[in-house]
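Here's the structure we're looking at; comments come further down.
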Amino acid sequence: MKKLAALIFATAISSSAFALSFNFNHGLMATMTSTGGKSFEPAAQLDGFCSGQLNLGKYFTLRGEFSFRTDYFGKDPEPVEDIDATFNLNEVSFNFIRPFAGVTHSFSLFAGTFEPVGSGLLLQRQFGVKSFGSRLTESYLGQKSGNIYDFFGYGGAYTARFGFAPICAGFVICSNDKNLGDNDQIVGNLRLALSYRYLQLEASAGCGMYFDNKDSNGNKCIIYIDSSYLHAGVDMLLGDRDNISVLLQCGFDNYPIKEGLSVTGGDSNKETDFDIEDCYVLVEPRVKHKNVTLSTTVFNIPDKRREKLYLIENAAGIAQKIEVNAVNLWGADVSVGAIGMLSFSGKDLTDFKYLVNGGYTDELKDFAYLKICPYIDMHFMKGTFKTVCQINTTKLKNSEGQAIKLNMGYSFRL
């Protein structure tokens with residue numbers, strides 16, 4: 001295995017003919033708030049990521065990304081070494097890309113998370129499409145924010161980009177042990193992407209199978225399929241992004257193929273309860289006129305998909321955004337805007353029927369959180385400096401902690 005790895009690396013270096021180049025992305029955000037309710041208890045948190053791509057000549061690339069998040073640290077002086085932080089190696093991938101017979105073939109070996117559905121990375125890497133994700137699903141914990149579901153673990157991928165049309169198709173196969181149970185999982189996925197003027201789309205579907213070397217009776221065997229789960233996702237922008245368009249993201253993860261399969265394996269009595277709250281849904285119609293953009297967002301985002309997000313706190317909600325772009329201030333392009341968001345703790349999209357049928361009833365108002373988020377973006381030095389002030393009026397009224405948050409982040413690309 002070591003000889004094979006050395007041979008691959010040597011081949012990559014020799015083929016590059018010393019034509020090396022490097023792309024670099026970096027982002028860092030500070031969050032400042034008060035964790036106290038009626039009392040002022042200042043606290044801060046840092047999020048950051050760093051990613052890069054080393055181009056080894058015409059055909060080989062090496063990509064890597066890591067991220068970190070600190071715990072909240074407060075007003076009491078703390079040495080830097082005493083602040084707890086979580087570091088994640090998001091991706092390491094080795095890629096071979098070669099045009100042949102009118103098709104561009106891409107082969108990848110990876111560890112970590114690879115081009116998850118909803119991140120936009122497949123469209124960016126295959127067609128150079130500019131990201132069209134929602135402002136609500138931004139993150140400073142890597143490029144892979146707002147993802148519907150992940151390809152993660154150790155695996156490989158193949159993608160064919162066709163020359164006769166802006167279409168690519170391929171598959172991803174990986175293995176991991178960090179999903180529903182303790183057993184290893186093999187995941188297979190088919191995926192498709194296309195990029196036209198008024199339609200950019202990525203779709204994927206697959207199956208994950210948990211396996212063991214013992215059957216349900218404890219007898220040893222070569223391989224035993226303990227349980228199987230389906231997943232699928234669609235990430236689509238329909239229309240003209242400079243005029244009228246609609247962003248649609250939807251999908252689900254870990255849908256049991258057989259009814260009654262256990263969350264933790266075949267021997268557990270805890271059954272899988274798959275419901276709408278486990279589905280990822282985001283619909284965002286947008287209207288842009290000159291330098292003003294309006295959008296309305298309806299979303300239902302499962303808990304584990306919100307861990308990296310800093311704007312969305314509850315699973316289901318509605319948001320309205322207005323933004324004015326390209327205002328020149330001190331030699332920098334500036335965008336200013338505001339987001340109004342009404343979200344519901346412990347609710348999902350099916351509970352919106354109370355808004356339609358019965359108005360703003362007790363079924364919703366006791367779980368509602370209203371947030372107002374003015375923001376400003378400044379574009380300079382090949383990057384963007386973003387400042388967002390999150391004002392949760394419901395938490396303010398109830399004297400809850402973290403009612404006001406100030407997020408300040410800078411990201412750039414070299």
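Mind ordering 151-161, 123-133 by average Cβ neighbours within 10 Å, highest first?
151-161, 123-133
Where Lys and Arg each count +1 and Asp and Glu each count -1, what net charge lies around Leu294 among other residues with Cβ under 9 Å from its Cβ?
Overall, the nearby charge balance is +2.
Given 0.36 nm per residue, what is the gain on full extension from Asp275 to Leu190 after removing their alpha carbon distance, in nm?
Additional length available on full extension: 28.2 nm.
Report Rg/Rh for segment 288-339, rounded to two decimals, where Rg is the Cα radius of gyration and Rh the Kirkwood radius.
1.12
In Å, what Kirkwood hydrodynamic radius results for segment 42-142 from the alpha-carbon pair distances?
Evaluated over segment 42-142, this radius sits at 16.2 Å.
Of Lys290/Lys347; Lys290/Lys386; Lys308/Lys397, which sit over 32 Å apart, Cα to Cα?
Violating the 32 Å Cα-Cα cut-off are Lys290/Lys347.
Apply the Kirkwood formula to segment 94-135: the hydrodynamic radius equals the inverse of the mean of 1/r over all pairs of different alpha-carbon atoms; give it in Å with one decimal.
11.9 Å
We did not get these values from a lab; they are worked out from the coordinates using the rules stated. Owing to the predicted nature of the structure, the values given are computational and were not obtained by experimental measurement. Cβ coordinates were reconstructed from backbone atoms using ideal geometry, including for glycine residues, and neighbour counts include every protein chain displayed.
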